[in-house]
Amino acid sequence: MRKSIRAVVSIAAVAAAIAAFASAATAGVIDKAEAAAKTVPPGGTWLAWGGQTRFHFNPDELDRLDVHIASVDGAASRTEGEAGVRYDVTAFRALDASGLEINHTGRVISGIGGGALRHQGGYVLAYPGGTVDLRGFSLRASPATRIGLDVVDANGTVWFTADHAHYGFEDDAPDIFSMRHMNLRLSAHFAAALGHPELAGDPVGGLDFRAHSYEGDNSTLAEEGSCTAPWPDPPATQGDVLLIYDNAASGWTGFDDSIYIKRCNGCTTTSSTGHIIVNQDSSLRNAGTTAVAWLTKFQGECSQMFPGCPYDSDQHPFLVWATYRVDADGRIKQIGVSGVKHAFYTVNWNCQPDQCSGGNIIWPTCEDTYSNYNNDSSTDLGPRTEIIPFTGQWGRCGSVYDANCDGNEDAGGGARDLYQFRESVTESEVETPAATGAHYYHEYWYVVRDDNAIYNSMGYREVSFGKSGANWNVNLVGDTPNGADFHLGPVLNLWIDPNAPPANAANEELSTPLGRARVAVKVTDLGDDQWRYEYAVQNFDYAHAQIDAAHPDEPNLKVVSNHGFGRFSVPIAAGTTITGLRFDDTDTGANNDWTVSTAGNAVTWTGQVGHSLDWGTMFHFEFVANAPPGSGAIQLVGVATQTEPELPYSLDILTPQAASNDDIFDNGFD
């Protein structure tokens, strides 16, 4: 039976806040008390005033730009940053006697209007050849986007822009409007002042503000901003979260989704072993017909918050990402693997045909976005080992957020510095000789419970890497208007198209009760009866999980282990000669490489303890045989748990066949 749910935005009563503003209002400033007292029309303007704005400067990026904080005046609070460790976070109070217009249709935010949110205090930033005086700065609407901000000084000069916002009235404080988790970028003016106009739009951190506001009390609007949809009820109904590319032309995020280097650990002008931290902006749409829960960690059980929700957990999607290299000779290698970003809120933008408020459910047709700043948040990053990906479950108990399993979030949970749980790419993987003639691709993927089509929840873009001094940069290759260079699906499907594989190639899915993997194979005729076999094996969401018997159920589920595959075997005929053995995992070290054997009429690679082919990762296996390709059954073996044995799986795909004396082989390949 389908379950239906409805969320209705509560109506705020903020008389105290209005009175406080009225006493501070001055001539020439919009009277918010008068505006709030009037009936709010279905389409109109609310006003935001007072509150606080916080800057989150990425100290590594300020160092790269040779910009430093010379002074901080009138801060409400500050946590000083440290490169590689934490962001520099400073809050400044906004003036009550100023106002920023919030345009709306019903209860749904449609854009930022006129006015400005002025502040007391601010930074003085220093750079070679000048300073930026942001004392008395303001936030105002960015003309380039419907929901974006400019940071301007007292003279009206734009020094930063902010985009990819999460925004809305807060559930626990409905008289507070906030814009959160925004990218903070260099303006064109600031980039030119630095002598690098090409750095306009360079992200230097994050920005958020919380301000007083008023939604009005017109009861006719009670149902505005509400949507209805069934919950997923497999197998009757399932969700479908679609990864999308969003750009400034949409008028929403204010800046194209892109790929970024956040910092580099151990990089110098001559280094090759430093570790580059890569991430991205990410946008999505609910392309299905069901609602999808988007709860914050420790927010509460889904069924208690939203009646009818089928899961007793703080259910939410997860974001993971990775980078791949396709060498000049066509080999594919995964060179970087992220941890898990826990999603926690959806803005529900562009819902059709309904108007849906932001919150903790993404409704059908609605869109959402996460900034690259947000995806670099230490408080929302964790390891993949806590996730059972096929079911979309999080082992909260014993996690990096709840070590003692008491059901409460620990102080300081998440990443301990600005490197942990990020995607790390070793420098040598993106510089010569490895980079010569190579192509690079960045892939990202939302893991969503009850998603019936995982391959449209992931996508990739081609990128290139470059180094200047000790600093690395990443650029989009073939970047075209409206995201034509963005492609759905995994990079593996670019290497071998499963729907139209070339001759002597294949890309097949292995579907198991515990998750899915794909095996792609490319066979190259080297001449002289020698054939090179390459197998790229990608584990998407297979995990043989060990669950703690004392904590078997959500929301306090404990995942002891969730390993993937520990052995890969390709059959060969008796007498086949095997040479050119090769193995590529996701790192540059050899001490954890899988061992290989050619005994028992098979080429078999076996993983070392603690280095299995886990979910979201790809390994490359290769050998040369004196036998042409034909159909055979490869074997993947799931790692045993403490209580269950290994789980073998087979998949029919191209493998070496017995050599023939004829020029035309039994399999029909010439």
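Things worth noting here:
- Cα centroid separation, region 282-352 to region 547-578 (Å): 23
- 20 Å-binned pair-distance histogram of the chain (Cα, whole percent): 17, 48, 28, 6, 1
- Taking a sphere under 10 Å around the Cβ of Gly638 and counting the other residues whose Cβ falls inside, with K and R at +1 and D and E at -1, yields a net charge of -1.
- Helical runs assigned H by DSSP (4 residues or longer) give the chain a calculated mean residue ellipticity at 222 nm of -1500 deg cm²/dmol, each run adding -39500 (n - 2.57) before division by the residue total.
- Remark: spin-label model distance Ala602-Asn155 equals 7.4 nm, labels positioned 7 Å along the Cα→Cβ axis.
- Stretching the chain fully between Gln304 and Asn475 yields a gain of 57.0 nm (0.36 nm per residue, less the alpha carbon separation).
- Here region 505-656 yields Rg over Rh of 1.02, to two decimals, using C-alpha coordinates and the Kirkwood radius.
- Potential extension, Asp652-Glu509 segment - 0.36 nm per residue separation minus Cα distance: 50.5 nm
- Stretchable slack from Ala550 to Thr269, in nm (0.36 nm times residue separation minus alpha-carbon distance): 96.0 nm
- When the C-alpha to C-alpha distance is required to be over 30 Å, the pairs from Lys262/Lys558; Lys341/Lys558; Lys333/Lys467; Lys262/Lys333; Lys297/Lys467 that qualify are Lys262/Lys558; Lys297/Lys467.
- Rounded if a/c under 1.5, otherwise prolate or oblate - region 81-138, Cα gyration tensor axes: prolate
- Between helix 15-24 and the chain: long-axis angle, C-alpha atoms, 0 to 90°, nearest 10: 60
- On a per residue basis, the convex hull of the C-alpha atoms belonging to region 241-316 measures out at 165 Å³.
- Local charge for Leu651 was computed over the other residues whose Cβ lies under 12 Å away, with Lys and Arg +1 and Asp and Glu -1, and equals -1.
- In nm, spacing of pseudo-spin labels at Arg78 and Glu644 (7 Å Cα→C-beta vector): 5.4
- Taken over the alpha carbons of region 190-330 as equal point scatterers, the Debye sum produces base-10 log I(q)/I(0) values at 0.09, 0.14 Å⁻¹ of -0.54, -1.10.
- Label point distance in nm, Leu526-Ala249, each placed 7 Å from Cα along Cα→Cβ: 4.7
- Global dimensions of region 228-495 from alpha-carbon coordinates: Rg and Dmax equal 19.0, 59 Å.
The numbers here are math on the coordinates, done by the rules we state, and not lab data. All values reported here derive from a predicted model rather than from experimental measurement. We place every Cβ from the backbone using ideal geometry, glycine too, and count neighbours over all the protein chains shown.
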